[in-house]
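This report refers to the structure that appears directly beneath it.
The values are calculated or read from the model by the stated rules, or taken from the named source; none is laboratory data. Source: prediction; values computed, not measured. Note that each Cβ is placed from the backbone with ideal geometry, even for glycine, and that neighbours are counted across all protein chains shown. Just the protein is used for accessible areas: all its heavy atoms, side chains included, with ligands, DNA and RNA removed. Shrake-Rupley method; radii C 1.70, N 1.55, O 1.52, S 1.80 Å.
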Amino acid sequence: MKKSLLVLALAAVTAAPSFAMAEAGDIVVRLRATHVSPNESSSLGSTTTAAGLPAAVLYGSPNAELKVGNNTIPEIDFSYYITKNIAAELILAVGTRHDVSITPGTGAVAANLGSVNLLPPTLTAQWHFMPDTMFDPYVGAGAAFVLGMDRSLTAQVGPNALPIRIERSNFGAVLQGGFDINLQDKWLVNFDVKKVWVKTDVTLDAGAGFQKIDNLHIDPWVVSIGIGKKF
């Protein structure tokens, strides 16, 4: 009887799925669909007025604000397990293009300025709570570097097209939470949410050189879902 139990135990260990084998040195590659939803905060009207420019004339209201549109992009990321529970994740994505508009004030019509293309590589350190189980939740924190690759906007004021620019590069803090659903043969399904805090200076050339018109906080929510493979 004892011999039979021992044989059954050994068989169970041998048949255990490979998701229960997370170890230091493991590398995970994930391919995800990522939705970037800015939660912007703008002081366009008041900052423009403080710069000596007529916000009411330029935008139609002294209470004007900049609005940044949402976008969904493909993304690839790489995780390296330093220990069974601690992983470093590098997130790479194609440029995420966002429409930018000015919302003047109540009763006024929003004016489209064009779009900006941002490249946001992100590095986080994660704590995985249950790396040896099928459901593995984690939290993380790190930093994002947001590079403005195509950042030219235009405000149409009467017959004049006034160029607007955003700052080329910015660093931002990142908080992260999510989970992996570990499958057999080291495949996994992933769900991930990040909050990124990033701000940029916005400048406008109204004929006397570029002047600062806004300190725009973009602060997006970044929600991802995808699949991955552990190596």
For ASN70, the lone unmet condition from (1) touching a helix residue (DSSP H, G or I) at 6+ places or on another chain (Cβ under 9 Å); (2) farther than 26 Å from GLY25 by Cβ is (1)
field: LYS67 vs. criteria among the charged types (D, E, K, R), in contact (Cβ under 8 Å) with a residue 40 or more places away in the chain and in a loop (DSSP other than H, G, I, E, B)
entry: no
Within the range 135-163, restricting to residues that are touching a residue at least 40 places away in the same chain (Cβ under 8 Å) and of a type in the set (A, V, I, L, M), the one that is most open to solvent (accessible area, probe 1.4 Å) is MET149
Within the range 176-186, restricting to residues that are surrounded by fewer than 17 Cβ atoms within 10 Å (Cβ to Cβ) and touching a strand residue (DSSP E or B) at 6+ places or on another chain (Cβ under 6 Å), the one that is nearest to ILE164 (Cα to Cα) is GLY177
In the range 199-215, anything on the phi < 0 side of the Ramachandran plot and open to solvent by 10 Å² or more (accessible area, probe 1.4 Å) is listed as LYS199, ASP201, THR203, ASP205, ALA206, ALA208, PHE210, GLN211, LYS212, ASN215
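I'd like to check something: does the range 164-175 contain any residue that is among the aliphatic types (A, V, I, L, M), closer than 30 Å to TRP127 by Cβ and at pLDDT below 95?
Applying the first criterion (among the aliphatic types (A, V, I, L, M)) to the range 164-175 yields 164, 166, 173-175.
Among the residues that remain, those that are also closer than 30 Å to TRP127 by Cβ are: 173-175.
Now drop any that are not at pLDDT below 95, which leaves none.
No: the range 164-175 contains no residue that is among the aliphatic types (A, V, I, L, M), closer than 30 Å to TRP127 by Cβ and at pLDDT below 95.
Quick check on the range 142-163: of everything there that is more than 25 Å from PRO120 (Cα to Cα) and not small (Gly, Ala, Ser), which residue is modelled with the highest pLDDT?
Initial filter on the range 142-163 (more than 25 Å from PRO120 (Cα to Cα)): 155-162.
This time we only want the ones that are not small (Gly, Ala, Ser), so: 156-157, 159-160, 162.
Values: GLN156: 75, VAL157: 72, PRO159: 76, ASN160: 77, LEU162: 83.
Once the filter is applied, the top-ranked residue is LEU162.
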Looking at THR49, is it open to solvent by 40 Å² or more (accessible area, probe 1.4 Å) and either modelled with pLDDT under 85 or touching a His at 6+ places or on another chain (Cβ under 7 Å) (or both)? no
Taking the range 164-175 and keeping only residues that are in a strand (DSSP E or B) and either open to solvent by 70 Å² or more (accessible area, probe 1.4 Å) or closer than 15 Å to THR203 by Cβ (or both), one is left with ILE164, ARG165, ILE166, SER169, ASN170, PHE171, LEU175
- Some residue of the range 61-69 being at pLDDT 85 or above, surrounded by fewer than 21 Cβ atoms within 10 Å (Cβ to Cβ), among the charged types (D, E, K, R) and within 26 Å of LEU113 (Cβ to Cβ): yes
